[in-house]
1. Can you say whether LEU74 is touching a Ser or Thr at 6+ places or on another chain (Cβ under 8 Å), under 29 Å from ARG6 (Cα atoms) and in a helix (DSSP H, G or I), as far as the supplied structure shows?
2. Hey, could you check the range 126-141 for residues that are touching a residue at least 24 places away in the same chain (Cβ under 8 Å) and in a strand (DSSP E or B) and say which is surrounded by the most Cβ atoms within 10 Å (Cβ to Cβ)?
3. Given the residues ARG85, ARG34, ARG6, which is the only one that is under 16 Å from the mean Cα position of the chain (by Cα) and more than 21 Å from PHE136 (Cα to Cα)?
4. Evaluate the range 49-66: report whether one residue or more is in contact with a Cys (Cβ under 9 Å, 6 or more places away or on another chain), at pLDDT 95 or above and of a type in the set (A, V, I, L, M).
5. Within the range 106-116, is even one residue farther than 19 Å from PRO11 by Cα and not aromatic (Phe, Trp, Tyr)?
6. Scan the range 21-80 residue by residue and report those that are farther than 23 Å from GLN9 by Cβ, aliphatic (A, V, I, L, M) and loosely packed, with under 15 Cβ neighbours inside 10 Å.
7. Do we have any residue at all in the range 45-56 that's farther than 14 Å from LEU20 by Cα and either part of a loop (DSSP other than H, G, I, E, B) or among the hydroxyl-bearing types (Ser, Thr, Tyr) (or both)?
8. How many residues are of a type in the set (Val, Ile, Thr) and modelled with pLDDT under 95 when one looks only at the range 1-24?
Amino acid sequence: MRDAIRAFQSPDRYYRCLLLVAPDVARLERVATRLAAEEGWPALALNSLLAEALLSTPPGRRQRAAVETLSALLESHRGPTLCYRIELLFQPELELDPLALFREASRNTPLVVAWPGHYQEGRLSYAVPEHAHYRFWRDPEVLAISLEEEGPYALR
């Protein structure tokens with residue numbers, strides 16, 4: 001884990017993004033926020049921050065508002081920042097690619113993202129196949145760690 005933390009922060013990396021991946025959202029959040037507290041990183045619960053901006057936005061403009069709000073939130077932080085509670089970004093009506101948004105934002109702000117899903121053999125998924133918002137990516141182009149494996153930050 002520590003090697004991955006150092007690696008994702010390297011200015012030599014094109015995308016400075018580290019995904020902490022696990023299917024159990026409650027445990028994932030506990031591990032991620034504990035790590036952020038230990039490292040002294042700010043933690044952004046994106047669902048509530050984005051929802052606030054989207055509630056007053058007409059449906060046809062919500063995709064753009066979501067992107068602009070996320071960009072503004074992340075640009076206000078220069079050091080590593082934890083993003084958790086990211087589920088709103090996967091709402092089909094927003095037609096977003098959350099992974100692409102995080103990748104692009106990580107070029108300016110190193111990001112650690114608590115990602116509900118699975119990461120195995122270079123394949124990243126959000127949710128489970130039975131879930132209506134299930135999605136997957138081959139080779140996410142960012143560092144990803146499955147917290148289901150053994151180690152100090154493994155889910156227990």
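The values are calculated or read from the model by the stated rules, or taken from the named source; none is laboratory data. Predicted model, so just to flag it, every value in this text is computed and none were measured. Note that each Cβ is placed from the backbone with ideal geometry, even for glycine, and that neighbours are counted across all protein chains shown.
1. Working: touching a Ser or Thr at 6+ places or on another chain (Cβ under 8 Å): yes; under 29 Å from ARG6 (Cα atoms): yes; in a helix (DSSP H, G or I): yes.
Yes: the conditions hold for LEU74.
2. Ranking the candidates gives TYR126 first.
3. Numbers: ARG85 fails: more than 21 Å from PHE136 (Cα to Cα); ARG6 fails: under 16 Å from the mean Cα position of the chain (by Cα).
From the options ARG85, ARG34, ARG6, the qualifying one is ARG34.
4. At the first step, the residues of the range 49-66 found to be in contact with a Cys (Cβ under 9 Å, 6 or more places away or on another chain) are none.
No, that holds for no residue.
5. Step one: list which residues in the range 106-116 are farther than 19 Å from PRO11 by Cα, which gives 114-116.
Checking which are not aromatic (Phe, Trp, Tyr) leaves us with 114, 116.
Yes: one or more hits.
6. Those that are farther than 23 Å from GLN9 by Cβ, aliphatic (A, V, I, L, M) and loosely packed, with under 15 Cβ neighbours inside 10 Å: ALA26, ALA51, LEU55.
7. As a first pass, look at the range 45-56 and keep what is farther than 14 Å from LEU20 by Cα: 45-56.
Filter once more, so that each one left must be either part of a loop (DSSP other than H, G, I, E, B) or among the hydroxyl-bearing types (Ser, Thr, Tyr) (or both): 48, 56.
Yes, the range 45-56 has at least one match.
8. Just the residues of the range 1-24 that are of a type in the set (Val, Ile, Thr), to begin with: 5, 21.
Filter once more, so that each one left must be modelled with pLDDT under 95: 5.
The qualifying residues number 1.
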